[in-house]
Amino acid sequence: MRLVLRLLGQYRSFVLYLVFGLGTTAVNMICYYLCSRMLHQGSIPSSLLAWVAAVAFAYITNRKWVFGSASAGARQVLEEMAAFFGCRVLTGILDLAVMFAGVSVLGFADLYIKALSNLVVILTNYAASKTVIFKQRNHQGKRPVSIRKAEEKASGFNKERSAESLWLYE
């Protein structure tokens, strides 16, 4: 059990990204289904509406729970938001391209292509979020480290009791 907890702490952002990525995919797929089947829209308009709903969900969850953004002040938050939405616009275009190629050109079933497209988009978005968008820095420009690493540097702390989901700065 300790090993599982330690691994979850070590790969916290990736695990949470996968969980919320599945949530984002669910939002995208449900919105797409509702638009395409209930509102009788085509694959492209349905994908656009599904994308908007999914990006809004993803921004909130990524900022708060996955990457624990420390951006403060209107300027920092707006820069972060612009980077997030800009990246999502690019991967939104990627989603549309996959849907167009898979459904309109090759004639595959739209829901299968939509699932494949979401997988590609999720992986691309994680890489961009981790390396560019939520690349956190404190006011002195230092990267965050887990509290466990901070405890290992300090003497007298019980390493077994470390709270790996909290963040400190070096």
Total residues in the stretch 11-20, condition surrounded by 14 or more Cβ atoms within 10 Å (Cβ to Cβ) and more than 21 Å from Glu80 (Cβ to Cβ) = 2
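Let's see how each residue does on (1) touching a helix residue (DSSP H, G or I) at 6+ places or on another chain (Cβ under 6 Å); (2) without any contact (Cβ under 8 Å) to a residue 60 or more places away in the chain; (3) closer than 23 Å to Trp65 by Cα:
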| site | (1), (2), (3) |
| --- | --- |
| Leu3 | no, yes, yes |
| Arg6 | no, no, yes |
| Gly9 | no, no, yes |
| Val19 | no, yes, yes |
| Leu22 | no, yes, yes |
| Asn28 | yes, no, yes |
| Tyr33 | no, no, no |
| Gln41 | yes, yes, no |
Filter the stretch 21-56 down to residues that are open to solvent by 70 Å² or more (accessible area, probe 1.4 Å) and within 10 Å of the chain's Cα centre (by Cα), then give me how many there are.
-> 1
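Out of all the residues in the stretch 102-121, which are open to solvent by 40 Å² or more (accessible area, probe 1.4 Å) and of a type outside the set (Ser, Thr, Tyr)? Reasoning before the result, please.
Taking the stretch 102-121 as the starting set, the residues that turn out to be open to solvent by 40 Å² or more (accessible area, probe 1.4 Å) are 104-109, 111-112, 115-116, 119-120.
If the condition is that a residue be open to solvent by 40 Å² or more (accessible area, probe 1.4 Å) and of a type outside the set (Ser, Thr, Tyr), then Val105, Leu106, Gly107, Phe108, Ala109, Leu111, Ala115, Leu116, Leu119, Val120 are the ones that fit.
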What are the residues in the stretch 57-72 that are open to solvent by 50 Å² or more (accessible area, probe 1.4 Å) and in a helix (DSSP H, G or I), if any?
-> Phe57, Ile60, Arg63, Lys64, Trp65
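The values are calculated or read from the model by the stated rules, or taken from the named source; none is laboratory data. Bear in mind the structure is a predicted one, so any value in this text is a computation, not a measurement. When we count neighbours, we look across all protein chains shown, and the Cβ atoms used for this are built from the backbone with ideal geometry, even at glycine. All accessible areas refer to the heavy atoms of the entire protein, side chains included, with ligands and DNA or RNA removed. Shrake-Rupley method; radii C 1.70, N 1.55, O 1.52, S 1.80 Å.
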